Every structure is written in structure tokens, then in C-alpha cells.
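Here the structure comes first, spelled out in C-alpha cells, and everything after it is commentary.
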Amino acid sequence: MLRSDIKVLIFREVFYSKKLTTRGKEYAKMFAKEFPNIYKIVRELKRNDRTKLANDMMKIESELFGKILVELYAKKFKVISIHDAIVVLDVKQNEKCTEKIVKEIMTNVYRKYGLHPNISIDYYGQECMEKTMEQNKLLKSLVKDYMIQLQELVEQGDEEVIAMQKNINNGICKFYLGKNSELVIHSLRI
């Protein structure tokens, strides 16, 4: 699974869930087994108010990004935040706003809270959009070819392939392009 998928599932089942048990929550069970002390603290924090932990986490995240923005504004950069992202606008005032500067500021703010984030950079603009559209076109073509091949195997009665087609149709599998522009399929369930 992709790290982003696991993160969403862990947050949904552990930190943001209103239930105090792991019943019916596969990822909460794995989290509890891997990090029993942390899971015990999470349960204790949620015992009296099951939404307080999630709200406190979002409040801290908002506070972090407020401080990041203040530091970037102090350098006269034109930036905005969207949830947990900083958008550096493509304007003259940001000519000196480099990846390194933004990452340093974000890292320093997080470290003041004892946190060590993974920071990724995404680019947007006409060139990036054209590349994304080209990749999406390639992905669509590869998925179409794959589905045709899959259907041929389904018609031959291959049970494993029938199960795979069912998972795809139920949205349990996700397609994306690999590093070498090859089709990669991964299951959203373990």
C-alpha cells in the first residue's frame, strides 16, 4: 500500500474514530499491536470526550501552519496555506523563495513541537499541468489495455483473475504510473 493510504486509514481508525475499541478496525488492531503504549494513551484521551483528541490534533496542525506562514511572511514571500500545505505563488516577490527555505522553516517550526515531518514538494503551473495531463492520458490507455486483457482471462474462467476484476470494480484496487511509466496496481486492503 502507499504510505498516504495507510496514513488515512490509521488516522480514520485510531485518532479520529469515535469508537474506543478496535472491533471491525483492521488498521487500529495493527496500530495497537505495533504501538501498544501509544494506543493506550489514545484510548485514555478519548475516554471522556471521543472527539477531543482529533480536535486537539487539528488545532495543533493549524497552529503549526500559522507559525510557518508568519515566518514566510516575515521574509516578504507571497504564500498561502491550504489545510496542511503551503502554496508558494508564482509571483515576482517569490523569486528567492526556494524549496530549501520553505523546508527549513517548516522543519524548524515542527521541531519546536518535538515533531519530525516528511515534507514533499509538488509543482503546479502550465508545464506541470501539461505533464500531468500527458501522464493521465498514458495511465488511462494502460488501464484500458489491462482491463481488456483481464476480461479475456475472466472469460477463460481464471478464478484469481475474476477475484481481481471484482476488487477493481469494487474500488479496492488503485492504478497509478510507476517510476518508469509502467502500470502499477495496488490493493487498498492488506
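Overview of results
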{"item": "In the stretch 103-116, residue surrounded by the fewest Cβ atoms within 10 Å (Cβ to Cβ) [restricted to those that are in a helix (DSSP H, G or I) and not charged (D, E, K, R)]", "result": "108"}
{"item": "Which listed residue is among the charged types (D, E, K, R) and surrounded by 14 or more Cβ atoms within 10 Å (Cβ to Cβ), from 52, 25", "result": "25"}
{"item": "Lone qualifier among 137, 166, 144 - being among the basic types (Lys, Arg), at pLDDT below 90, assigned to a helix (DSSP H, G or I) and over 21 Å from the mean Cα position of the chain (by Cα)", "result": "166"}
{"item": "Qualifying positions in the stretch 19-38 - part of a helix (DSSP H, G or I) and out of contact with any helix residue (DSSP H, G or I) (no Cβ under 6 Å at 6 or more places or on another chain)", "result": "26, 29, 30, 33, 34, 36, 37, 38"}
{"item": "The stretch 31-49, residues that are surrounded by 13 or more Cβ atoms within 10 Å (Cβ to Cβ) and charged (D, E, K, R)", "result": "43, 46"}
{"item": "Conditions (1) touching a residue at least 40 places away in the same chain (Cβ under 8 Å); (2) outside any helix (DSSP H, G or I); (3) of a type in the set (Val, Ile, Thr): number failed by residue 119", "result": "(1)"}
{"item": "Residue that is farthest from the chain's Cα centre (by Cα) [pool: residues in the stretch 75-102 that are closer than 22 Å to residue 59 by Cα and surrounded by 15 or more Cβ atoms within 10 Å (Cβ to Cβ)]", "result": "79"}
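The values are calculated or read from the model by the stated rules, or taken from the named source; none is laboratory data. What you see is a predicted model, and the numbers here were worked out from it, not measured in a lab. Note that we place each Cβ from the backbone using ideal geometry, even for glycine, and neighbour counts take in every protein chain shown.
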